[in-house]
Amino acid sequence: MKDRLIITNGDEAVARMREARIDGEILPWRDILYEGPVPALPLDELSDVRARFLAQRGWTSEEELRAAFRARDDVLRGHAEFREIVLWFEHDLYDQLQLVQVLDFLAGEGRREGVSLIQSGRYIGTETPRGLKQHLHLQERATDAHFALAWLTWNAFRAPSPEPWANLLRLSTHVLPFLRLAILRLLEELPDHRTGLSRTETTILTLIHDGVRHPAYVYDAYRESEVALFMGDWSFYCLLDALGDTSAPFIAGLNGRAFSPGLPEGARDAYMASRLSLTHLGVSVLCGHADALQHRRIDRAIGGVRITSRAPWRWDASTRRLVPHESKLLG
């Protein structure tokens, strides 16, 4: 039997752990679960859905993604080979979703013994070896309370309505101390009850309105706006592009350019050199004088929820509650 399996968020975390000479086999989870469909399917079927989505967004080929997910899932399914499993994740939305997915899977496998958590409020990938070793003092045994909360959270995330996810705010989540902020942050990606924009879209338009002109600078400023940064540049630029890719655009300056991880250097440079500005409609939407969903066609999946221009639910961040679309129309 092998001694220890450490499951963490990605390759940077793995590299830092190797530098710090942390003992054990280390498995990066590598999935941006906050973006794209995450239906209620078994692990292997869900991984196929995720591979298809990420390939369609230009990350790499579907075949390569399927193979990577399959290799990852095989290690997790072989959990019985390891005496100890350590789930080492950060405080942001990206990590919290991965943490509850893995906890839920292990609970479904009946694996509760020898499972422990390291829940870090600092980013693993930016730590020094000495700093990373200090995280080990946070290690705690996973209890029934951890597994139960993860099960509720993972099922709520994959539900076709955001109501179960919002209802998590009524629960005590102290055993996963960073989960509540992650729940709120994901709800803020729903259309705002007044503008129809997600929080990230609002931030993009606000930054451009305030004079930040180039995509990379907008992303850097966005990073500074997040209490717990979770969104990578690929996801961010896709949202930015969508604000200009419509018959009634909210931003101008991209001139038909769109970001993709596989862009050649010249095309990437041209994209980053784009000089952005808000259109009149973009200003109206940002100020709440127009409803973004009345002027664009969107089809975005977050977990099990599909967000379209006729989205039945909005989010009111000031009162922290879901608002039925009918309420918006009546208001």
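The values are calculated or read from the model by the stated rules, or taken from the named source; none is laboratory data. Just so it is clear, the model here is predicted, and its values are computed rather than measured. Note that each Cβ is placed from the backbone with ideal geometry, even for glycine, and that neighbours are counted across all protein chains shown. Calculation scope for accessible area: heavy atoms of the full protein, side chains included, ligands and nucleic acids excluded. Shrake-Rupley method; radii C 1.70, N 1.55, O 1.52, S 1.80 Å.
Note on the stretch 239-251: among residues that are modelled with pLDDT of 90 or more and out of contact with any Gly (no Cβ under 9 Å at 6 or more places or on another chain), the one that is most open to solvent (accessible area, probe 1.4 Å) is ALA242. In the stretch 89-129, which residue that is loosely packed, with under 15 Cβ neighbours inside 10 Å and over 18 Å from ALA20 (Cβ atoms) is nearest to the chain's Cα centre (by Cα)? Result: GLY108.
So is LEU254 surrounded by 14 or more Cβ atoms within 10 Å (Cβ to Cβ), free of Cβ contacts under 8 Å to residues at least 40 places away in the same chain and in a loop (DSSP other than H, G, I, E, B) or not? Yes. Within the stretch 72-83, can one find any residue that is modelled with pLDDT under 95, open to solvent by 30 Å² or more (accessible area, probe 1.4 Å) and either out of contact with any helix residue (DSSP H, G or I) (no Cβ under 7 Å at 6 or more places or on another chain) or closer than 23 Å to VAL115 by Cβ (or both)? So far as the stretch 72-83 goes, no, none of its residues is modelled with pLDDT under 95, open to solvent by 30 Å² or more (accessible area, probe 1.4 Å) and either out of contact with any helix residue (DSSP H, G or I) (no Cβ under 7 Å at 6 or more places or on another chain) or closer than 23 Å to VAL115 by Cβ (or both).
For the stretch 269-327, the set of residues classified as within 23 Å of PRO215 (Cβ to Cβ), open to solvent by 70 Å² or more (accessible area, probe 1.4 Å) and in a loop (DSSP other than H, G, I, E, B) consists of ARG275, HIS295, ARG297, listed by residue number. Of the residues making up the stretch 25-33, one or more are out of contact with any Ser or Thr (no Cβ under 7 Å at 6 or more places or on another chain), surrounded by fewer than 21 Cβ atoms within 10 Å (Cβ to Cβ) and not basic (Lys, Arg). PHE259 fulfils the conditions (1) closer than 20 Å to LEU207 by Cα; (2) free of Cβ contacts under 8 Å to residues at least 60 places away in the same chain; (3) outside any loop (DSSP other than H, G, I, E, B) except for a single criterion, (3).
For ASP44, work out the one condition from (1) among the charged types (D, E, K, R); (2) open to solvent by less than 30 Å² (accessible area, probe 1.4 Å); (3) over 25 Å from ILE307 (Cβ atoms) it doesn't fulfil. Status for ASP44: all satisfied but (2). Looking at LEU97, LEU106, LEU46, just one residue is assigned to a helix (DSSP H, G or I), at pLDDT 95 or above and in contact with a His (Cβ under 9 Å, 6 or more places away or on another chain), and that residue is LEU106.
Say whether the condition of being among the basic types (Lys, Arg), in contact (Cβ under 8 Å) with a residue 40 or more places away in the chain, outside any helix (DSSP H, G or I) and in contact with a Lys or Arg (Cβ under 6 Å, 6 or more places away or on another chain) is met by at least one residue in the stretch 192-204. No, the stretch 192-204 contains no residue that is among the basic types (Lys, Arg), in contact (Cβ under 8 Å) with a residue 40 or more places away in the chain, outside any helix (DSSP H, G or I) and in contact with a Lys or Arg (Cβ under 6 Å, 6 or more places away or on another chain).
Of all residues in the stretch 317-326, one or more are of a type in the set (Asp, Glu) and within 27 Å of PRO164 (Cα to Cα).
Report the residue count in the stretch 8-23 for those that are surrounded by fewer than 17 Cβ atoms within 10 Å (Cβ to Cβ) and in contact (Cβ under 8 Å) with a residue 24 or more places away in the chain. Residues that pass the stated criteria total 4.
If you take the residues of the stretch 6-20 that are part of a loop (DSSP other than H, G, I, E, B) and touching a helix residue (DSSP H, G or I) at 6+ places or on another chain (Cβ under 6 Å), which of them is nearest to ARG72 (Cα to Cα)? Filtering first and then ranking leaves ASN9.
For ASP3, the conditions (1) of a type outside the set (Lys, Arg); (2) within 20 Å of GLN139 (Cβ to Cβ); (3) buried (at least 22 other Cβ atoms within 10 Å of the Cβ) all hold with the exception of (3).
For VAL86, the criteria (1) part of a helix (DSSP H, G or I); (2) open to solvent by less than 10 Å² (accessible area, probe 1.4 Å) hold in every case but one, which is (1). So, LEU169, is that one surrounded by fewer than 17 Cβ atoms within 10 Å (Cβ to Cβ) and either in a helix (DSSP H, G or I) or within 14 Å of the chain's Cα centre (by Cα) (or both) or not? When the stated conditions are applied, LEU169 passes them. GLU201: surrounded by fewer than 18 Cβ atoms within 10 Å (Cβ to Cβ) and more than 20 Å from SER120 (Cα to Cα), yes or no? It is false that GLU201 is surrounded by fewer than 18 Cβ atoms within 10 Å (Cβ to Cβ) and more than 20 Å from SER120 (Cα to Cα).
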